[in-house]
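Take a look at this one; I'll ask things after.
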Amino acid sequence: MTDTLVKVDLSQSAYDNEMVHNRWHPDIPMVATVKPGRDFILECYDWTGGFIKNDESAADVRDIDLSIVHFLSGPVGVEGAEPGDLLVVDILDIGAFPHNAWGFNGFFSKQNGGGFLTEHFPQAQKSIWDIKGMFTSSRHVPGVNFAGMIHPGLIGCLPDPKLLDTWNRRETGLIATNPNRIPPLANAPFAPTAHMGRLKGDAKAAAAATGARTVPPREHGGNCDIKDLSRGARVFFPVYVPGAGLSMGDLHFSQGDGEITFCGAIEMPGWIHLKVELIKGGMGKYGIKNPIFKPSVIKPAYSDYLIFEGISVDEAGEQHYLDVNVAYRQACLNAINYMTKFGYSPAQAYAILGTAPVQGHISGVVDIPNSCATLWLPTEIFDFDINPGADGPSGGVRGGVPMPLAPDL
Ligand code: ZN
C-alpha cells in the first residue's frame with residue numbers, strides 16, 4: 001500500500017491547502033516524513049493553481065498575477081537526511097487525473113511575463129491539449145499527435161538560510177541594474193501572495209518577506225524544466241537542511257527543450273509516485289554543486305527529425321559574439337517559418353515547439369564569432385509528411401479551431 005502524502009482538491013483554492021507552498025524558505029514545515037527506501041505519492045496542482053481554464057479565451061493567460069506561482073507539493077522530510085548528503089529520487093510514475101485529462105500551453109503577453117520569442121508574439125494566446133492515456137492532441141493545433149514524456153518541471157530540496165540569502169542578494173542585485181525593464185530581469189521576494197504551507201502568524205510573515213520566488217532554476221534544481229526528468233528517471237539532489245525537504249510541482253504532460261513559450265509546456269495538475277534514498281556525504285564524495293540525474297529507460301520512439309540550424313546573428317542582422325541564446329532563437333524562428341509553409345499560423349508553430357518532444361542542442365560554441373544551436377523537430381508527430389522535397393510543401397493542416405488571442409489592455 002503506497003500512501004498519498006499530499007492530496008489536492010482542484011475545486012479548492014491552493015491557498016487553502018496547507019500541504020503546498022509557493023516560495024522557497026528553510027522554515028516551511030515538512031508536510032510528512034518518510035524513511036529512506038519508502039515510496040509515496042504526491043498530488044499536485046498545475047503551476048497556476050487552476051487559474052487557466054479549458055475555454056476559448058486567452059484573457060486568463062493575459063491577466064494572471066504571476067506572483068502566485070508555482071504551487072508546490074511538500075516539503076517532504078526524509079529521516080536521517082543531513083546537509084551535504086545527496087537525496088536520490090526515483091520518479092516511479094507520473095500521471096494526469098482521469099477526471100481532469102487536459103492541459104494548457106500559452107504565451108504570456110510581453111507586458112506580463114513574456115517568453116523566449118516575446119518580441120514576435122507580444123500578445124497572450126493559448127492552446128488546450130486533450131490527454132488520452134499517453135497521447136495528446138489539441139483542437140487549436142491540428143495535424144499533430146504525440147506521446148508525452150510526463151515530468152515535474154520543478155523539483156528540489158529546501159535551501160538553508162545561507163543559500164537563500166545568496167539567491168536573494170544576487171537576484172536583487174541583477175534587478176537593480178535595470179529596475180524598470182519589461183519583462184523584469186528577475187523576481188524579488190514578494191510577501192502579499194506568498195503561501196508558506198503550514199507556517200502561521202509572525203513566523204509566516206517573516207519567512208514570506210524573504211522567501212525566494214520559484215521561477216528560476218538554482219543550485220538545488222528547482223524550476224529546471226527538463227523534459228527528460230520523466231518516469232523512470234533517477235535524480236540526485238543536494239541536501240541543505242536536516243530532513244532535506246523535497247518539494248515539487250509544475251507537472252508537464254510534454255515539453256520541448258527550452259520550454260520556450262513560458263506558459264509553458266503542456267501544463268497540468270496530476271500525481272507523482274516517488275521513492276527516496278540517501279547517499280550520506282554525497283555532495284562532497286562526488287563534487288556535486290547542482291543536481292545530476294539518470295534518464296528513464298522509456299522514451300517515445302521518435303527517431304526521425306528535421307533539424308534547424310541557428311547562428312548568433314539576430315533577426316535584425318546584428319552580429320553577437322558566441323551567444324547561444326540568440327542562436328537558439330534563430331533555430332526556433334527558422335522552424336516556425338518552415339512550418340507556416342504547411343498551413344500553420346506562426347502561433348500554432350510556436351506552440352508545437354513549446355509542447356512537442358522537440359530537442360534543442362548547443363552544437364558549437366568556439367567558432368568565433370558565431371555559436372550554432374540546433375532545433376530538432378520530430379517528423380513522426382505530424383499527420384502528414386513535413387519533409388522537404390522537389391514538389392514543395394504539398395501536405396499540410398486543414399481545419400482546426402484558431403488559437404484564442406487576447407489583445408493587450
Ligand atoms: Zn511549467
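The values are calculated or read from the model by the stated rules, or taken from the named source; none is laboratory data. Keep in mind that what you see is a predicted model, and the values were worked out from it rather than measured. Positions of Cβ are generated from backbone atoms using ideal geometry, with glycine treated the same way; all protein chains shown enter the neighbour counts. Calculation scope for accessible area: heavy atoms of the full protein, side chains included, ligands and nucleic acids excluded. Shrake-Rupley method; radii C 1.70, N 1.55, O 1.52, S 1.80 Å.
Which one of 368, 336 is open to solvent by less than 40 Å² (accessible area, probe 1.4 Å) and over 20 Å from the mean Cα position of the chain (by Cα)? So that I can check it myself, show each step before the final result.
Values: 368 fails: open to solvent by less than 40 Å² (accessible area, probe 1.4 Å).
The match here is 336.
Scan the stretch 292-308 and give yes if some residue there is assigned to a strand (DSSP E or B) and under 22 Å from residue 45 (Cα atoms), otherwise no.
no
Looking only at the stretch 92-106, count how many residues are over 12 Å from residue 52 (Cβ atoms), open to solvent by less than 20 Å² (accessible area, probe 1.4 Å) and not aromatic (Phe, Trp, Tyr).
So in the stretch 92-106, the residues over 12 Å from residue 52 (Cβ atoms) come out as 92-101.
When the remaining residues are screened for being open to solvent by less than 20 Å² (accessible area, probe 1.4 Å), the result is 94-95, 97.
With the extra rule that they be not aromatic (Phe, Trp, Tyr), the set shrinks to 94-95.
Counting residues in the stretch 92-106 that are over 12 Å from residue 52 (Cβ atoms), open to solvent by less than 20 Å² (accessible area, probe 1.4 Å) and not aromatic (Phe, Trp, Tyr) gives 2.
Considering every residue within the stretch 271-288, establish whether at least one is within 16 Å of the ligand (Cβ to nearest atom) and under 30 Å from residue 325 (Cα atoms).
No, the stretch 271-288 contains no residue that is within 16 Å of the ligand (Cβ to nearest atom) and under 30 Å from residue 325 (Cα atoms).
In addition: Only one of (1) out of contact with any Phe, Trp or Tyr (no Cβ under 6 Å at 6 or more places or on another chain); (2) surrounded by fewer than 24 Cβ atoms within 10 Å (Cβ to Cβ); (3) under 26 Å from residue 246 (Cα atoms); (4) not basic (Lys, Arg) fails for residue 135. Which number is that?
The failed condition is (3).
Checking residue 33 against (1) more than 21 Å from residue 3 (Cβ to Cβ); (2) hydroxyl-bearing (Ser, Thr, Tyr); (3) open to solvent by 20 Å² or more (accessible area, probe 1.4 Å): exactly one of these is not met. Which one?
All conditions pass for residue 33, except number (1).
For the stretch 222-252, what are the residues that are within 14 Å of the ligand (Cβ to nearest atom) and either open to solvent by 30 Å² or more (accessible area, probe 1.4 Å) or under 26 Å from residue 193 (Cβ atoms) (or both)?
Once the filter is applied, which keeps residues that are within 14 Å of the ligand (Cβ to nearest atom) and either open to solvent by 30 Å² or more (accessible area, probe 1.4 Å) or under 26 Å from residue 193 (Cβ atoms) (or both), the stretch 222-252 yields 222, 223, 224, 225, 226, 248, 249, 250, 251, 252.
State all residues of the stretch 182-221 that are within 16 Å of the ligand (Cβ to nearest atom) and over 23 Å from the mean Cα position of the chain (by Cα); if no residue qualifies, say none.
none
Any idea which residue in the stretch 255-270 is most open to solvent (accessible area, probe 1.4 Å), counting only those that are within 11 Å of the ligand (Cβ to nearest atom) and in contact with a Lys or Arg (Cβ under 9 Å, 6 or more places away or on another chain)?
It comes out as 259.
Can we say residue 43 is away from the ligand (no atom under 16 Å from the Cβ) and open to solvent by 60 Å² or more (accessible area, probe 1.4 Å)?
Here the answer is no, as residue 43 does not meet what is asked.
I want to confirm something. Restricting to the stretch 8-31 and keeping residues that are out of contact with any Cys (no Cβ under 7 Å at 6 or more places or on another chain) and among the hydrophobic types (A, V, I, L, M, F, W, C), which single residue is farthest from residue 195 (Cα to Cα)?
To start, the set of residues in the stretch 8-31 that are out of contact with any Cys (no Cβ under 7 Å at 6 or more places or on another chain) comprises 9-31.
From the residues that got through so far, the ones that are among the hydrophobic types (A, V, I, L, M, F, W, C) too are 10, 14, 19-20, 24, 28, 30-31.
Details: 10: 17, 14: 9, 19: 10, 20: 8, 24: 10, 28: 10, 30: 14, 31: 14 Å.
By that ranking, first place goes to 10.
Can you pull out the residues in the stretch 113-161 that are part of a loop (DSSP other than H, G, I, E, B), under 18 Å from the mean Cα position of the chain (by Cα) and either over 30 Å from residue 181 (Cα atoms) or within 16 Å of the ligand (Cβ to nearest atom) (or both)? Let's see the steps before the verdict.
First, the residues of the stretch 113-161 that are part of a loop (DSSP other than H, G, I, E, B): 113-123, 133-134, 139-140, 148-150, 158-160.
Of the ones still in play, those that are also under 18 Å from the mean Cα position of the chain (by Cα) are 113-118, 148-150.
Listed by number, the residues that qualify are 113, 114, 115, 116, 148, 149, 150.
Further question on the same structure: I'd like to check something: does the stretch 233-250 contain any residue that is closer than 22 Å to residue 96 by Cβ, small (Gly, Ala, Ser), assigned to a loop (DSSP other than H, G, I, E, B) and not assigned by TED's automatic domain parsing to the domain that holds residue 370?
Yes, the stretch 233-250 contains at least one residue that is closer than 22 Å to residue 96 by Cβ, small (Gly, Ala, Ser), assigned to a loop (DSSP other than H, G, I, E, B) and not assigned by TED's automatic domain parsing to the domain that holds residue 370.
Let me ask something else about it. Looking only at residues that are more than 13 Å from residue 348 (Cβ to Cβ) and in contact with a helix residue (DSSP H, G or I) (Cβ under 8 Å, 6 or more places away or on another chain) in the stretch 107-123, which one is most open to solvent (accessible area, probe 1.4 Å)?
Residue satisfying both the conditions and the ranking: 120.
Quick check on residue 286: is it farther than 11 Å from residue 81 by Cβ and open to solvent by 10 Å² or more (accessible area, probe 1.4 Å)?
yes
Return the only residue of 204, 126 being modelled with pLDDT of 95 or more, charged (D, E, K, R) and touching a helix residue (DSSP H, G or I) at 6+ places or on another chain (Cβ under 6 Å).
126
So that you can scan it fast, the table gives a plain yes or no per residue for (1) out of contact with any Leu (no Cβ under 8 Å at 6 or more places or on another chain); (2) charged (D, E, K, R); (3) under 17 Å from residue 272 (Cβ atoms):
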{"residue": "5", "(1), (2), (3)": "no, no, yes"}
{"residue": "10", "(1), (2), (3)": "yes, no, yes"}
{"residue": "38", "(1), (2), (3)": "yes, yes, yes"}
{"residue": "79", "(1), (2), (3)": "yes, yes, no"}
{"residue": "83", "(1), (2), (3)": "yes, no, no"}
{"residue": "93", "(1), (2), (3)": "yes, yes, yes"}
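Still on this structure, please answer the following. Given (1) at pLDDT below 95; (2) surrounded by 15 or more Cβ atoms within 10 Å (Cβ to Cβ), identify the lone condition not met by residue 1.
With (1) at pLDDT below 95; (2) surrounded by 15 or more Cβ atoms within 10 Å (Cβ to Cβ) applied to residue 1, the lone miss is (2).
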